[in-house]
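The values are calculated or read from the model by the stated rules, or taken from the named source; none is laboratory data. What you see is a predicted model; the values in this text were computed from it and never measured. Reconstructed Cβ throughout: ideal geometry from the backbone, glycine too, with neighbour counts over all protein chains shown. Remember, those area values only see protein heavy atoms, side chains included, never the ligands or the DNA or RNA. Shrake-Rupley method; radii C 1.70, N 1.55, O 1.52, S 1.80 Å.
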Amino acid sequence: VALPASTRVQPSMAARLAASSSASWPAGVVSWDGAPVDVGDTLGHEPAGRHGRVRADGDALAFEDGTPVRFWGTNVAAYALFDGDKPDIERQARRLAALGYNLVRLHHHDSAWVEPNVFEPGSRRLREASLDAIDWWIKCLGDAGIYVWLDVHVGRRFRSGDGIGGFDELPDGDGRGFSYVDPRIESLMTDFASRYLARSNRYTQRALQDDPTVALVLLTNENDITHHFGPLMLPGSGRPVHEALMRSRIEPFAKRHHLPLDATLQTWAPGPAKLAMAELEHRWGTRAIAALRKLGVRAPIVTTSLWGDEPLWSLPSLQAGDAIDVHSYGDEGSLGTNPHFEPNFLAMAAMAQVLGRPHLMSEWNVPLPARDRQVA
């Protein structure tokens, strides 16, 4: 291969990092219950909510009293929500503040692989011990000056006894995608949201839907019909119940907008089908938000996230929410590329920015075992 004389050829990322041995890295720099530097003074060490509730203000977030806010957050997920004792959780809240965080997302509270989770085993009843732990986290984080992002639906698996028609069509009980066309799944999700949010925190005596510590609410995690899950219900997919539900919603859309029905049912293909599915997802988000507003939830609400290398056609439906959220993960050498020619994981984040909407990024990382993950 003949290259221009000015070309500079670099070794591969693996070769460049080979000289950097992890054996020489200092150990014990960050401990699980301490912080190397306390930057908590930047938060003021005052309880969260002192400026009123968070609200969307154009493309920014602000408090009720007009004070602008920018959040630097982290996720507390799964077993970490439920395993610690109360003194541990209180120490972790103070530690997170010392590390400079002012927002924590409580994530994977309902996921089936987390045992115990927020549900009683094999039941739709909420587990009191799990609710107690979540309430304590919210109380301790608020006392440390940290706001809370609450997810409503993440990894819940529905059960055969939940009364879902065509239940066997759901992969391992996963309702993602199906929730946009199946009224029973939508009803089950709405019921959980009302029971989870319309209760009083036993330590603050404030209802969650009215607590200024709750800064943001996410309806459903990584759940779209426009890209990932719509093809599960395409004609001939072997899911006749949900194929029929999808068709019953797409046919009126195609007729109303004078679109060819065959093309509008091709859920995998760019074109009319993407318009129809975006409309289904947007309407679902609008209904779900209206239900939470009726319940009394006053925090900004996000429908779901732009995630998993979704195309641009997945973005319009997210505008049903008060803000746009994105999840983006990079690989080794992600930021060594020239973004004029090759996208990196920040390009996905930038694509999610919508005029007039706050821009959030609730998941991002260069995961292990990448040796240069600190560049993120």
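From A352, A347, grab the single residue that is without any contact (Cβ under 8 Å) to a residue 60 or more places away in the chain and touching a strand residue (DSSP E or B) at 6+ places or on another chain (Cβ under 7 Å).
Result of the check over A352, A347: A352.
In the list R202, R176, R184, R195, which residue meets the criterion of being at pLDDT 95 or above, within 25 Å of T286 (Cβ to Cβ), out of contact with any Cys (no Cβ under 8 Å at 6 or more places or on another chain) and in a loop (DSSP other than H, G, I, E, B)?
R176 is the lone residue from the list that is at pLDDT 95 or above, within 25 Å of T286 (Cβ to Cβ), out of contact with any Cys (no Cβ under 8 Å at 6 or more places or on another chain) and in a loop (DSSP other than H, G, I, E, B).
Looking at A60, A98, which is the one that is at pLDDT 95 or above and over 16 Å from P212 (Cβ atoms)?
A60
How many of the residues making up the range 253-278 are open to solvent by 60 Å² or more (accessible area, probe 1.4 Å) and assigned to a helix (DSSP H, G or I)?
Final tally of qualifying residues: 4.
Go through the range 28-75 and give me each residue that's in contact with a strand residue (DSSP E or B) (Cβ under 9 Å, 6 or more places away or on another chain) and among the small types (G, A, S).
The answer is A48, G49, G52, A56, A60, A62, G66, G73.
Cβ-Cβ under 6 Å, sequence separation 6+ or interchain: first residue in the range 268-297 and at positive phi, partner open to solvent by less than 50 Å² (accessible area, probe 1.4 Å) and in a helix (DSSP H, G or I). Which pairs?
G271/A263; G296/Q209
Within the range 321-346, which residues are crowded, with 16+ Cβ neighbours inside 10 Å and not in a strand (DSSP E or B)?
Residues satisfying the conditions are G321, D322, A323, G330, E332, G333, S334, N344, F345, L346.
P369: part of a loop (DSSP other than H, G, I, E, B), open to solvent by 50 Å² or more (accessible area, probe 1.4 Å) and over 30 Å from L106 (Cβ atoms), yes or no?
For P369, the condition - part of a loop (DSSP other than H, G, I, E, B), open to solvent by 50 Å² or more (accessible area, probe 1.4 Å) and over 30 Å from L106 (Cβ atoms) - is not met.
Out of the range 54-104, which residues are among the aromatic types (F, W, Y) and either open to solvent by 20 Å² or more (accessible area, probe 1.4 Å) or touching a residue at least 24 places away in the same chain (Cβ under 8 Å) (or both)?
F71, W72, Y79, F82, Y101
Among the residues of the range 163-173, which ones are closer than 21 Å to S123 by Cβ, open to solvent by less than 40 Å² (accessible area, probe 1.4 Å) and assigned to a loop (DSSP other than H, G, I, E, B)?
Scanning the range 163-173 gives I164, L170.
Can you spot a residue in the range 237-245 that is assigned to a helix (DSSP H, G or I) and in contact with a Lys or Arg (Cβ under 9 Å, 6 or more places away or on another chain)?
No, because not a single residue in the range 237-245 is assigned to a helix (DSSP H, G or I) and in contact with a Lys or Arg (Cβ under 9 Å, 6 or more places away or on another chain).
If R124 meets every condition in (1) basic (K, R); (2) free of Cβ contacts under 8 Å to residues at least 40 places away in the same chain; (3) in a loop (DSSP other than H, G, I, E, B) apart from one, which number is that one?
Condition not satisfied by R124: (2).
Filter the range 151-162 for residues that are open to solvent by less than 10 Å² (accessible area, probe 1.4 Å) and either part of a helix (DSSP H, G or I) or over 16 Å from F119 (Cα atoms) (or both) and give the result.
D162
Go through the range 303-320 and give me each residue that's under 13 Å from the mean Cα position of the chain (by Cα) and buried (at least 22 other Cβ atoms within 10 Å of the Cβ).
Matches in the range 303-320: T303, T304, S305, L306, W307, L318.
Given the residues T190, T226, which is the only one that is touching a residue at least 60 places away in the same chain (Cβ under 8 Å) and out of contact with any Asp or Glu (no Cβ under 9 Å at 6 or more places or on another chain)?
Just a single option satisfies the conditions, and that option is T190.
Going through the range 105-150 one residue at a time, which ones are open to solvent by 10 Å² or more (accessible area, probe 1.4 Å), among the small types (G, A, S) and under 20 Å from the mean Cα position of the chain (by Cα)?
Within the range 105-150, just A112 meets the criteria.
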